[in-house]
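First comes the structure, then the notes that go with it.
What follows draws every value from the coordinates through simple rules; no lab data is involved. Model, not experiment: these values are computed from the prediction. Cβ atoms come from the backbone with ideal geometry, glycine included; neighbour counts cover every protein chain shown.
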Amino acid sequence: MVLASDIQVAQNIGFGIIAVMMILAGVGVIASRNVVHAALSLVVVMAGAAAQYVLLKAEFVAVTQVLVYIGAVMVLFLFGVMLTRAQLGKDADLNNKNAAIAAPVALLLFGVLAYVLIDGFADEKISATTGAGATPQDTAVISDLIFKPYLLPFWALSFVLLAAVIGAIVLARKD
Amino acid sequence: MLINQFLLLGALLFCMGVYGVLTRKNAVMVLLSIELILNSVNINLLAFDAMNGGSDGNVFALYIIAVAAAEVGVGLAMVLLIYRNRKSISLDDLSEMKG
């Protein structure tokens, strides 16, 4: 028997609206002839992804996504666009001649992935009451995980970030 | 909610990113497409996390966000260096490795 609370009509409608928005903006990222428009479409995709994270009961990751991706990474991208003086208007010279090969590759990849996913997870559901984010102390659970079982990767990640920052400074420095 | 709706959305975004990486000539646009791919992976991780009721997937997603930030920093520094040396960031012009 299917209960009304199992179908989650409101969440499904929200998912549909956000997913359509994300897909349209994704097409904008890969098809726009204007670098700045593509970057701003990516902002919409990232904001939509943050909304999907909330639907998936991962509020902390959603907030981090907004802070780090939309806040920091996009500013970095817009600086990159400005500093490389890419044409701010229409730029016809943005694509190479590979579209005839890339489109079948991407479509085939999506076909295989969709077949495997539909075959493997036919009607598995995301439970509404259990899981991450069901309780207010979820962020405490995440921090416990980061600083206990995943401490070594956290250290490694700190060194990766440090090395990346130093590397970026060394690469971009004028001398 | 079915888990498949999230997984299929992630797969679609992943394939869009692959298409973008293969077709774009401008290096900044290739980095934008890579961000699309990383976001789709995060959606997958969090969907599986919500299905299994743990919190480990959230940790992985946070680590991926940090690695993506580092990758963008280094990538854009390289793009700036290429631009400074040859006044162009067209990836088709970078053919020194061709034998």
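Quick notes
- For peptide A:55-65, the mean count of partner chain Cβ atoms within 10 Å of a residue's Cβ comes to 6.
- Positive dipole terminus of the protein assembly as shown, leading residue within A:Val63, A:Gly28, B:Ile64 (C-beta point charges): A:Gly28
- Cα-based convex hull volume of the stretch A:4-98 per residue, rounded to whole Å³: 105 Å³
- Legend: calculated FRET efficiency, A:Val112 to A:Thr139, from the Cβ-Cβ distance at R0 = 30 Å, rounded to 0.05, equals 0.25.
- Total lysine pairs under 25 Å (Cα atoms) in the protein assembly as shown, excluding pairs fewer than 8 apart on one chain: 11
- Projected area averaged over orientations for the stretch B:51-99, convex hull of C-alpha atoms, nm²: 5.7 nm²
- Computed FRET value (nearest 0.05) for A:Phe159 with A:Arg33, which takes r as the C-beta separation and R₀ as 35 Å: 0.30
- Counting, for every residue in A:151-163, the Cβ atoms of other protein chains within 10 Å of its Cβ and taking the mean gives 2.
- Charge dipole (Cα centre; +1 on Lys/Arg Cβ, -1 on Asp/Glu Cβ; no other charges) of the protein assembly as shown amounts to roughly 1100 debye.
- Candidates A:Val35, A:Val112, A:Val66: whichever shows maximal mean-square fluctuation once chain A is modelled as a Gaussian network with Cα springs under 10 Å: A:Val112
- Cα-Cα separations in the protein assembly as shown greater than 23 Å, expressed as whole percent: 56 percent
- Relative counts (whole %) of C-alpha pair distances in the stretch B:10-88, using bins that are 5 Å wide: 3, 16, 19, 20, 17, 11, 7, 4, 2, 1, 0
- Between A:Asn98 and A:Val66, the modelled label-to-label distance comes to 3.6 nm, taking each label 7 Å out from Cα in the direction of the beta carbon.
- Zone residues, the stretch B:21-62, relative to A:Val75, backbone N less than 20 Å from point 7 Å out along Cα-to-Cβ: B:32, B:35
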